[in-house]
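Below you'll find the structure, written out as structure tokens, and then a few comments.
The values are calculated or read from the model by the stated rules, or taken from the named source; none is laboratory data. Given the structure is predicted, the values throughout are model-derived calculations rather than measurements. Cβ placement follows ideal geometry from the backbone for every residue including glycine, while neighbour counts extend to all protein chains displayed. All accessible areas refer to the heavy atoms of the entire protein, side chains included, with ligands and DNA or RNA removed. Shrake-Rupley method; radii C 1.70, N 1.55, O 1.52, S 1.80 Å.
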Amino acid sequence: QAQLVESGGGSVQPGGSLRLSCVVSALTLDYTDLGWFRQAPGKEREGVSCISSSGIYTHYADLVKGRFTISRDNAKNTVYLQMNSLKPEDTGVYYCAATALFRICDADEFHDWGQGTQVTVSS
């Protein structure tokens with residue numbers, strides 16, 4: 001079980017950047033996979049990016065490849081999502097989540113969730 005708290009959301013113009021952070025409190029953080037998910041109005045929650053416990057393995061949704069970067073610092077109990085070249089369609093509530101092991105970076109694989117942070121990309 002883990003507790004997660006996201007921060008870093010906000011409003012930016014298209015082409016701008018944001019860096020999301022998520023502080024994770026877990027007894028077995030070094031054995032915990034983490035992910036970022038987002039949900040836009042009228043859409044299901046989708047996997048944005050996931051990272052293995054060691055940080056060696058990562059997954060990115062096709063729509064964010066080349067623009068977003070996931071990273072983690074286990075010593076700081078934090079996972080990050082650097083978002084560059086933001087587009088209006090990136091707008092949504094972003095959640096971080098934890099699981100023992102992800103395989104396809106799907107929300108159904110994750111059991112502990114943060115409260116979410118709003119990201120709005122508009123002119």
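The conditions of being at negative phi, modelled with pLDDT of 95 or more, surrounded by 12 or more Cβ atoms within 10 Å (Cβ to Cβ) and not in a strand (DSSP E or B) are not met by Gly35.
Scanning segment 46-75 for residues that are in a loop (DSSP other than H, G, I, E, B), of a type outside the set (A, V, I, L, M) and open to solvent by less than 80 Å² (accessible area, probe 1.4 Å) returns Ser52, Ser53, Ser54, Gly55, Arg67. Annotation: of all residues in segment 108-123 being surrounded by fewer than 16 Cβ atoms within 10 Å (Cβ to Cβ) and within 13 Å of the chain's Cα centre (by Cα), the one that is farthest from Val24 (Cα to Cα) is Gln118. Test Val93 against the criterion of being β-branched (Val, Ile, Thr), open to solvent by 10 Å² or more (accessible area, probe 1.4 Å) and either at pLDDT 95 or above or within 16 Å of Gly35 (Cβ to Cβ) (or both), and give yes or no. Criteria met by Val93.
Quick check: is even one residue across segment 30-50 out of contact with any Ser or Thr (no Cβ under 7 Å at 6 or more places or on another chain) and among the hydroxyl-bearing types (Ser, Thr, Tyr)? No, that holds for no residue.
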